[in-house]
Amino acid sequence: MTGAAQDHREVAGQFAEFTGGVNDWDAPSPVAGWRARDVVGHLTQWFPAFLESGTGIVLPTGPSVTTDPVGAWAHHAAAVQSVLDDPATSTRTLTNPHLGTMPLEQAIANIYTGDVFLHTWDLARATGQQVALDPARCSAMLAGMEQMDEVLRSSGQYGPKVAVPDDADPQTRLMGFIGRDPLAWQ
């Protein structure tokens with residue numbers, strides 16, 4: 001098993017734990033205009049098209065997020081995991097007009113698994129669950145994202161930075177950087 005495969009297993013597994021704790025799938029989330037269900041919908045909808053267009057790999061369709069968000073996530077995460085667990089994945093590449101060509105494992109780890117990690121906080125907070133994301137990963141992601149601040153903001157994928165105390169923990173600093181108001185969602 002590769003590092004990308006194990007990383008996804010852990011991050012997707014933590015997200016799955018939070019899906020199991022949701023009592024109200026229509027609860028508002030920290031992402032403006034999204035409900036808890038939309039967080040799962042985002043992750044299960046954008047990645048299959050991205051993967052297919054960049055590699056030709058088609059993930060199997062699973063349950064609908066509308067009627068079964070927990071099942072939709074479980075199915076989707078298992079499908080992505082099977083791609084990462086396939087020994088042939090280590091030699092495959094993904095080509096994207098905005099990103100160029102990169103190893104498939106790297107694309108999944110950096111783009112998709114990172115997105116799941118960030119949205120774990122959104123789902124947990126939307127549904128009143130406490131979340132403690134890995135502080136080392138939060139710090140590493142923040143350091144990498146700060147170097148691309150202007151590009152990230154201009155992409156429209158991140159809101160304006162939210163000020164947090166200078167002595168805030170890595171999770172709070174990361175969430176503020178990507179445009180969440182972590183103090184309002186405690």
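The values are calculated or read from the model by the stated rules, or taken from the named source; none is laboratory data. What you see is a predicted model, and the numbers here were worked out from it, not measured in a lab. Glycine also receives a Cβ, built like all others from the backbone with ideal geometry; neighbour counts cover every protein chain displayed.
Some points to look at:
- Residues (assigned to a helix (DSSP H, G or I) and within 20 Å of Val31 (Cβ to Cβ)) located in the stretch 125-136: Arg125, Ala126
- Scanning the stretch 1-27 for residues that are modelled with pLDDT of 95 or more and either exposed (fewer than 15 other Cβ atoms within 10 Å of the Cβ) or basic (Lys, Arg) (or both) yields a total of 10.
- Answer residue from the stretch 85-124, given it is of a type in the set (A, V, I, L, M) and part of a strand (DSSP E or B) and is nearest to Trp34 (Cα to Cα) among those: Leu94
- Contact map, the stretch 143-164: first residue closer than 23 Å to Trp34 by Cβ and at pLDDT 90 or above, second residue surrounded by 10 or more Cβ atoms within 10 Å (Cβ to Cβ) and of a type in the set (A, V, I, L, M), Cβ cut-off under 7 Å, separation 6 or more or different chains; pairs are Met145/Leu152; Val164/Leu183.
- Members of the stretch 152-179 found to be of a type in the set (Val, Ile, Thr) and either in a helix (DSSP H, G or I) or under 17 Å from Ala136 (Cβ atoms) (or both), listed by number: Thr172
Each row is one residue, and each column tells you yes or no for (1) free of Cβ contacts under 8 Å to residues at least 40 places away in the same chain; (2) in the same structural domain as Ala124 (by TED's automatic domain parsing); (3) touching a Leu at 6+ places or on another chain (Cβ under 7 Å).
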{"position": "Asp26", "(1), (2), (3)": "yes, yes, no"}
{"position": "Val39", "(1), (2), (3)": "no, yes, yes"}
{"position": "Trp73", "(1), (2), (3)": "no, yes, no"}
{"position": "Arg92", "(1), (2), (3)": "yes, yes, yes"}
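- With respect to the conditions (1) assigned to a helix (DSSP H, G or I); (2) over 18 Å from Trp185 (Cβ atoms), Val39 lacks only one, and its number is (2).
- Hits in the stretch 32-50 (condition: out of contact with any Phe, Trp or Tyr (no Cβ under 6 Å at 6 or more places or on another chain) and farther than 23 Å from Asn96 by Cβ): Ala32, Gly33, Trp34, Arg35, Asp38, Val39
- Yes/no for Arg9 being of a type in the set (D, E, K, R) and closer than 23 Å to Tyr158 by Cα: no
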